[in-house]
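Notes follow once the structure below has been shown.
The values are calculated or read from the model by the stated rules, or taken from the named source; none is laboratory data. The shown structure was predicted, so the numbers you read here are calculated from the model rather than taken from an experiment. No Cβ is skipped: glycine too gets one built from the backbone with ideal geometry, and neighbour counts run over all protein chains shown.
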Amino acid sequence: SPCPGACSFRGICRALGEAPPRCFCAPGWTGARDCSVRDLLCPLNCSSHGRCHNGTCACDAGWHGELCAVSDTTAQIARAQSQHSGRLQLESKLCVGHCSERGVCLHGTCYCNRGYEGPSCASTSAHFRCASGCEQHGVCVEGTCLCDSGWQGVACDAEATDVIDLPLAQRPRLRRPQSPIW
């Protein structure tokens, strides 16, 4: 494989046009050379109240929480409710199934990572789904099946038997005859 480490088995190595081969990584992974880096994007862009650094939100002044979504005013109200009722309602809400490990729970609501949706982030977003069977002879990358060598089709379910069916980068190079053939 022209990509080091076979894209860490988290993607597929392909050349597009005349560009050198690179890894196209499965959702949640990145790295044009080997798909070995977790995609460390911050969910919800830190609620626009902070900066993302290595997948963690650094909140602006007046904001806190994992996603910088809790203002100091909201926290003060929650503390006041806690003192009055004896429990902190703001932090007592849990998320269904821990957001399927595909999102972040905040105040009982799952905020899903890119490519996932639903109340518990259990479903793949429609534009990230691939045709059924793609994983048999290819890998799904953001809604598109990238087929293994020798396979073609929307779901990578048809053998590429003719040279003309193969992607340009996989076709054998033919030499031109030295003299005319007549």
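What to note about this one:
- Subset of the range 122-138 [surrounded by 15 or more Cβ atoms within 10 Å (Cβ to Cβ) and farther than 29 Å from Cys105 by Cβ]: Ala131, Cys134, His137, Gly138
- Test: residue in the range 118-136 that is under 28 Å from Gly11 (Cβ atoms), touching a Lys or Arg at 6+ places or on another chain (Cβ under 6 Å) and modelled with pLDDT of 80 or more: yes
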